[in-house]
Amino acid sequence: MDDILKRSEVHYREIDEWRVLDELDGETGPLDYAMEEAVGEAVARREVPATLRIWQGPQALVVAKKDIRTPRALQAAQMMKQVDWPVYVRQSGGTAVPHGPGTINLSLFLPRPRDIRWNIDDIYRMLGLPLIRMLDRTFDLSAYFGEVPGSFCDGRYNVVVGGKKIVGTSQIWKGGPAGLVSHRPGYILAHATLLTQVDRERVVSALNAFYEMAEGGRPVYIDTVATLSSFVLGPSDEVERRARAGLLESVGELTSVHTTTQPTKQEREAAEAYIDRCRPEHYEQRIQS
């Protein structure tokens, strides 16, 4: 594990310039998800450097496009909205992930290189490295990558503590390699959600309700999932504050960026234009046709 993380640190050093966005203090809403596409495209066009984005979404279930492409799934999304669990559609793959208060999101954006510089595993490890370091250095927790069968959005690159999943991850490569003549230069987006202090029963109940209505069942088991607060003594709000500070410190060490910023005006304008793509209703007409 140590060798893997050391190689990931080398990959960070291979990138000449980074930008770090810290949006944890802003208002949350569907624009948060549209911003993922806006930032990715800005990175692809080299208008901004490679970017790490630290943010929090509203209380919601966030799904990949494949999970919303049936009439039954669209109806399930409408039902979840009525019980204060709106469904938003994200750029990356995987299955449903809970967002909202008590979670911290980390997104990694890289331009697609002309050469085969990284593979999917490399990207997941780069995404997980600052989180694993934060857990170790801030909380003295031994975290590792691994599958946790029965958890939400399960995969080989969950971040796991004590056999329990506390971070879910997903990834997508979009467009073409950077540097080529193309109408759509590409980017890599990898996304992680850390559960800091959510109510596990409410979260698991919401995930299971959505999939029961959308597909007839894809159960998530509560004993597969944990929160950071469950491993750390102290008030939950203080644990989340420390997690944020530790993550910023870890990111700063890896990128040599110690001053965070906000998305550009152009990125905000682009996100406004993309906001409908984050709503399940956007895909209804495609399903009907």
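I'm trying to understand the selection: among the residues of the stretch 64-92, which are within 21 Å of residue 35 (Cα to Cα), among the hydroxyl-bearing types (Ser, Thr, Tyr) and in a loop (DSSP other than H, G, I, E, B)? Answer for the stretch 64-92, where residues must be within 21 Å of residue 35 (Cα to Cα), among the hydroxyl-bearing types (Ser, Thr, Tyr) and in a loop (DSSP other than H, G, I, E, B): just 92. Could you tell me whether any residue of the stretch 225-235 is within 19 Å of residue 162 (Cβ to Cβ) and assigned to a strand (DSSP E or B)? Within the stretch 225-235 (the criterion being within 19 Å of residue 162 (Cβ to Cβ) and assigned to a strand (DSSP E or B)), the answer is yes, since at least one residue qualifies.
To keep it simple, each residue is scored yes or no on (1) modelled with pLDDT under 95; (2) on the phi < 0 side of the Ramachandran plot.
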residue: 140; (1), (2): no, no
residue: 143; (1), (2): no, yes
residue: 151; (1), (2): no, yes
residue: 159; (1), (2): no, yes
residue: 177; (1), (2): yes, yes
residue: 182; (1), (2): yes, yes
residue: 195; (1), (2): no, yes
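Scanning the stretch 181-230 for residues that are touching a Pro at 6+ places or on another chain (Cβ under 8 Å), more than 27 Å from residue 70 (Cα to Cα) and of a type in the set (Gly, Ala, Ser) yields a count of 1.
For every residue, the table says whether it meets (1) of a type in the set (Lys, Arg); (2) in contact (Cβ under 8 Å) with a residue 12 or more places away in the chain.
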residue: 9; (1), (2): no, yes
residue: 17; (1), (2): no, yes
residue: 27; (1), (2): no, no
residue: 39; (1), (2): no, yes
residue: 57; (1), (2): no, yes
residue: 71; (1), (2): no, yes
residue: 90; (1), (2): yes, yes
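Can residue 82 be described as over 19 Å from residue 284 (Cα atoms) and not acidic (Asp, Glu)? No, not satisfied.
Return the total of residues in the stretch 126-147 being of a type outside the set (Gly, Ala, Ser) and crowded, with 20+ Cβ neighbours inside 10 Å.
Here the count works out to 10.
If you go through the stretch 209-229 and keep only what is in contact (Cβ under 8 Å) with a residue 40 or more places away in the chain, surrounded by fewer than 23 Cβ atoms within 10 Å (Cβ to Cβ), among the small types (Gly, Ala, Ser) and more than 18 Å from residue 159 (Cβ to Cβ), you end up with just 209.
Restricting the search to the stretch 46-62, which residues are touching an Asp or Glu at 6+ places or on another chain (Cβ under 8 Å) and not in a loop (DSSP other than H, G, I, E, B)?
Looking only at the stretch 46-62, we keep the residues that are touching an Asp or Glu at 6+ places or on another chain (Cβ under 8 Å), and these are 48-50, 53-59.
If the condition is that a residue be touching an Asp or Glu at 6+ places or on another chain (Cβ under 8 Å) and not in a loop (DSSP other than H, G, I, E, B), then 50, 53, 54, 55 are the ones that fit.
Among the residues making up the stretch 94-118, those that are within 12 Å of the chain's Cα centre (by Cα) and either farther than 17 Å from residue 220 by Cβ or among the aromatic types (Phe, Trp, Tyr) (or both) are 104, 105, 106, 107, 108, 109.
In the condition set (1) closer than 29 Å to residue 212 by Cα; (2) assigned to a strand (DSSP E or B), residue 95 is compliant with all but (2).
When residue 171 is evaluated against the numbered criteria (1) buried (at least 22 other Cβ atoms within 10 Å of the Cβ); (2) of a type outside the set (Val, Ile, Thr); (3) in a strand (DSSP E or B), which criterion, by number, is the only one it fails? All conditions are met except number (1). Out of all the residues in the stretch 77-91, is one or more in contact with a helix residue (DSSP H, G or I) (Cβ under 8 Å, 6 or more places away or on another chain), buried (at least 24 other Cβ atoms within 10 Å of the Cβ), of a type outside the set (D, E, K, R) and over 30 Å from residue 261 (Cα atoms)? Scanning the stretch 77-91 turns up at least one residue that is in contact with a helix residue (DSSP H, G or I) (Cβ under 8 Å, 6 or more places away or on another chain), buried (at least 24 other Cβ atoms within 10 Å of the Cβ), of a type outside the set (D, E, K, R) and over 30 Å from residue 261 (Cα atoms). Residue 123 satisfies every condition listed in (1) under 17 Å from residue 8 (Cα atoms); (2) of a type in the set (Val, Ile, Thr); (3) surrounded by 23 or more Cβ atoms within 10 Å (Cβ to Cβ) except (3). Within the stretch 38-49, not a single residue is among the charged types (D, E, K, R), within 13 Å of the chain's Cα centre (by Cα), within 22 Å of residue 122 (Cα to Cα) and surrounded by 15 or more Cβ atoms within 10 Å (Cβ to Cβ).
The values are calculated or read from the model by the stated rules, or taken from the named source; none is laboratory data. As the structure is a computational prediction, the values presented were derived from the model and not from experiment. All Cβ positions, even for glycine, are placed from backbone atoms using ideal geometry, and neighbour counts span all protein chains on display.
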